[in-house]
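A quick write-up on the structure given underneath.
The values are calculated or read from the model by the stated rules, or taken from the named source; none is laboratory data. In this text, all values refer to a predicted model and were calculated from it rather than measured experimentally. Methodologically, a virtual Cβ is constructed for each residue, glycine included, from the backbone with ideal geometry; neighbour enumeration extends over all protein chains shown.
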């Protein structure tokens, strides 16, 4: 596989339009909560701004993608942006049973109850590290190779719920969507551009034991770049300056 979009710079200049405060009060934006792209922090920050609970924020997360009706409605869509390879590395570590975040490390591979998480059980039974996982993507004659590839195209934890999961049904509609993006590398700047009254972001899920185990060999990086080509394509569409509000 050859990916033609890897040269696109993800640290692009973010939207400077902002959202008027009176409009925010009238209609809350819709957060397209792409896993491990900073959506939790965006959601917590919005909850503080609106003085509501974390669960009261309008979002799409994990269960489905954006519908055509949602893509074309008049609500502002907030889309977190993160390099797809970095997002997958983070997603692998986030739900790892050995040092994952947010309590996922309570899932013991040998004795834990993995009900409803059989695909993740297989994933972490096959791979101790994200480097091993990424290398196995080109192993076409092993079951663990199949498990690795499956995790990128099915909603296995957060790994397979990337930009393709949320936008695959609405890609042709992107030029007509009303949206703005928040780059994880400049989150506070972008959020203050959207919410002018914001003084400080509310950071959550900042540290967990697995977070910094991010080593990828050259082969692993190359494999991920190839298999995530569609993810880069969608980001290319979303970040065309002429399309964003």
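What are the residues in the range 126-158 that are part of a loop (DSSP other than H, G, I, E, B) and either modelled with pLDDT of 95 or more or surrounded by fewer than 19 Cβ atoms within 10 Å (Cβ to Cβ) (or both), if any?
Once the filter is applied, which keeps residues that are part of a loop (DSSP other than H, G, I, E, B) and either modelled with pLDDT of 95 or more or surrounded by fewer than 19 Cβ atoms within 10 Å (Cβ to Cβ) (or both), the range 126-158 yields 127, 128, 129, 139, 140, 141, 142, 154, 155.
Report whether or not residue 180 is farther than 24 Å from residue 227 by Cα and crowded, with 16+ Cβ neighbours inside 10 Å.
On the way: farther than 24 Å from residue 227 by Cα: yes; crowded, with 16+ Cβ neighbours inside 10 Å: yes.
Here the answer is yes, as residue 180 does meet what is asked.
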Of the criteria (1) part of a helix (DSSP H, G or I); (2) crowded, with 20+ Cβ neighbours inside 10 Å; (3) touching a residue at least 40 places away in the same chain (Cβ under 8 Å), which one residue 123 fails: (3)
Count of residues meeting criterion [touching a residue at least 12 places away in the same chain (Cβ under 8 Å) and within 18 Å of the chain's Cα centre (by Cα)] in the range 35-70: 21
Number of positions in the range 222-240 that are touching a helix residue (DSSP H, G or I) at 6+ places or on another chain (Cβ under 7 Å) and not in a loop (DSSP other than H, G, I, E, B): 11
Test: residue in the range 86-109 that is modelled with pLDDT of 90 or more, outside any helix (DSSP H, G or I) and surrounded by fewer than 20 Cβ atoms within 10 Å (Cβ to Cβ): no
Positions within the range 22-47 being part of a helix (DSSP H, G or I) and surrounded by 15 or more Cβ atoms within 10 Å (Cβ to Cβ), in sequence order: 24, 39, 40, 41, 42, 43, 44, 45, 46, 47
